[in-house]
There are 2 protein chains.
Amino acid sequence: MGLKARREREREALRQVIMDAARELFVEEGFENVSMRRIAEKIEYSPTTIYLYFEDKLSLLYAICQETFAKLAKRLEAHEREAADPVDRLKKGCRAYIEFGLKHPNHYKLTFITLPQHPKGPGWKLEESMGMKAYGHLRASVEACIAQKVFRATDVDAVSQLFWAAGHGVTSLLITHKHFPFVAKNQLIDLTLDTLIEGLQQ
Amino acid sequence: MGLKARREREREALRQVIMDAARELFVEEGFENVSMRRIAEKIEYSPTTIYLYFEDKLSLLYAICQETFAKLAKRLEAHEREAADPVDRLKKGCRAYIEFGLKHPNHYKLTFITLPQHPKGPGWKLEESMGMKAYGHLRASVEACIAQKVFRATDVDAVSQLFWAAGHGVTSLLITHKHFPFVAKNQLIDLTLDTLIEGLQQ
DNA sequence: ATTGATAACTTAACAGCGTTAAGTTGCGTG
DNA sequence: CACGCAACTTAACGCTGTTAAGTTATCAAT
């Protein structure tokens, strides 16, 4: 009967409630500054209940990041369809990536800046799934630019990694050195992307 | 007599012993995974002794980072004297920065990647001292390029931060994503610097 | 209808953390 | 010899992530 199915649904619902509460706290106050007890308090369960749904605190964060980065991949796909011109598409994709990082600094920190090694188990697969997928989008845009001969360089991976490095550099610098007197964010982002494209065009 | 001076010297010596022990542990196992008690054990003092020399754990980390910044600044100065041409100087400086990071990945991680925010307010900016000095060297090179009108852009800080971001991006990506199928390190570094300079030249 | 299993959830506790208040020791000066 | 001060330690507080054991409710089978 539908009993088992209903229980399964309820289980999944609580799992989602935990993730939503945890995400809100993590994003607001940072992963390290949020305790399991605070998450539990927020959802009005005992702290140990969380351990019935997630192996430990890190696994909880991983699950949240999976969700968030699925969103990023989707957003990149959307940008891919929007722009017909490959250069424009590349630029918009990079911009989306950077702005995503700035909007979700804690998720970005976890997955791209400090990858904490999970002491046990099969290890951290996010990079191989969501992260790789995101890189695939970037690579496709670059490949289009090279195919249309608007870029001088021909090594698709080198150029892709150049864009990733620059985008990552801007993003992580703005995130981790909040107090540094940076110029306006948008100015720095625009200058970065424009300079790269200008320098690559033949 | 020289008593006070000797005591001062001894105090400074123990302070340095603490910093050396802490740095070694931090670099080996990461800031979060090293407790004050473990540092104390290593130097064979009680944990509270450390608090006679450093306000708290983060202050200890900050002091260590100051030292690292100082080393980097010195190396940048050396490279600065070598090259007369401003573009060449800028390139060599960036290269030195990146190679410093790749050669001391754990120090780099500690000072530029993992550096957490100090909760005791905004008066703590590491960037105002040693980090600023390093940034100053970069800025001077960029300023020379702009003064000699080899660069199109005129905002010295924006361009400086562009180079910092790109250099940091390459460095941190190579350090933290060791298993990713990057192209050859030198290829990526060269492409990055050449593309930036090409894109900025008028 | 009673029993028994099973799943969901809680209580209590452990070991360790950063940090502080209070206490102890040893030494140079009066 | 006694005082004061500096260096250092002991003991404790209130946290933390996590686990073992215990409770409760619900469904299946006798």
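We did not get these values from a lab; they are worked out from the coordinates using the rules stated. Treat the numbers as computed from the prediction; the structure is a model and nothing was measured. All Cβ positions, even for glycine, are placed from backbone atoms using ideal geometry, and neighbour counts span all protein chains on display.
Run through the other copies and list how far each one's label point is from that of residue B:150, in nm with one decimal, shortest first; the point sits 7 Å from Cα along Cα-Cβ.
2.9
Return B:35, B:59 ranked ascending by Cβ neighbour count within 10 Å, so the fewest neighbours appear first.
Final ranking by Cβ density, sparse to dense: B:35, B:59.
How far is helix A:57-82 tilted, in degrees, relative to the longest principal axis of the Cα atoms in chain A, given as a value from 0 to 90 rounded to the nearest 10?
The helix A:57-82 is inclined about 40 degrees to chain A.
Using only helices, what value at 222 nm comes out for the protein assembly as shown when you add -39,500 (n - 2.57) per DSSP H run of length 4 or more and divide by the total residues, to the nearest 500 deg cm²/dmol?
Working: 18 runs with 282 residues, N = 404.
Helix contribution divided over all residues of the protein assembly as shown: -23000 deg cm²/dmol.
Using the 7 Å Cα-to-Cβ label point, sort the distances from residue A:52 to its equivalents in the other copies shortest first and give them in nm to one decimal.
5.1
Could you tally the net charge around residue A:46, taking each other residue with its Cβ under 14 Å from the Cβ of residue A:46, Lys/Arg +1 and Asp/Glu -1?
Around residue A:46, the charge tally is +1.
Within a 10 angstrom radius of each residue's Cβ in B:103-113, how many Cβ atoms of other chains show up on average? Whole number is fine.
Working: counts 0, 0, 0, 0, 0, 0, 2, 0, 0, 4, 5.
That works out to 1 on average.
Sort shortest first the distances from residue B:103 to its counterpart in every other copy, using label points 7 Å along the Cα-to-beta-carbon line, and give them in nm.
In ascending order, 4.2 nm.
Using the Cα centre of the protein assembly as shown as origin and beta-carbon charges of +1 (Lys, Arg) and -1 (Asp, Glu), tell me which of A:19, B:112, A:202 is placed farthest towards the positive end of the dipole.
Positive-most Cα among the choices belongs to A:19.
So what's the angle, to the nearest 10 degrees on a 0 to 90 scale, between helix B:3-29 and the longest Cα principal axis of chain B?
Once rounded, one gets 60 degrees.
Roughly how big is the protein assembly as shown's charge dipole about its Cα centre, with Cβ charges of +1 (Lys, Arg) and -1 (Asp, Glu), in debye to the nearest 20?
540
Using a/c under 1.5 as the rounded threshold, could you call the protein assembly as shown rounded, prolate or oblate? The axes a ≥ b ≥ c are square roots of the C-alpha gyration tensor eigenvalues, and prolate needs a/b larger than b/c, oblate otherwise.
Note, shape of the protein assembly as shown comes out oblate.
Which of the peptides B:4-11, A:145-152, A:188-195 is most tightly packed, and how do the rest follow, judged by the mean count of other Cβ atoms within 10 Å per residue?
The peptides rank, most packed first, as A:188-195, A:145-152, B:4-11.
Considering the dipole of the protein assembly as shown built from charges on the beta carbon (Lys and Arg +1, Asp and Glu -1) around the Cα centre, which of B:66, B:145, B:54 is farthest to its positive end?
With unit charges placed on the Cβ atoms, the residue in question is B:54.
Please give the net charge around residue B:192, taking every other residue with its beta carbon less than 12 angstrom from that of residue B:192, where Lys and Arg add +1 and Asp and Glu add -1.
0
Per residue of A:186-194, how many C-beta atoms from partner chains lie within 10 Å of its own C-beta, taken as a mean?
The mean count of partner-chain Cβ atoms within 10 Å per residue comes to 4.
At a Förster radius of 51 Å, what calculated FRET efficiency corresponds to the Cβ-Cβ distance of residue A:7 and residue B:28, to the nearest 0.05?
In this case the efficiency is close to 0.60.
Which FRET efficiency, nearest 0.05, do residue B:106 and residue A:184 yield, Cβ-Cβ r, R0 35 Å?
In this case the efficiency is close to 0.60.
Per residue of B:144-153, how many C-beta atoms from partner chains lie within 10 Å of its own C-beta, taken as a mean?
Values: counts 0, 0, 0, 0, 0, 0, 0, 1, 2, 3.
Average neighbour count from other chains, rounded to a whole number: 1.
With +1 on each Lys and Arg Cβ and -1 on each Asp and Glu Cβ, how big is the dipole of chain A about its Cα centre, in debye rounded to the nearest 20?
Rounded to the nearest 20 debye, it is 440 debye.
From the phi of every residue in region B:85-93, what ³J(HN,Hα) in whole Hz does the Karplus formula 6.51 cos²θ - 1.76 cosθ + 1.60 yield, where θ is phi - 60° and glycine or proline is x?
These are the phi-based 3J(HN,Hα) values: 5, x, 5, 4, 5, 4, 4, 5, x Hz.
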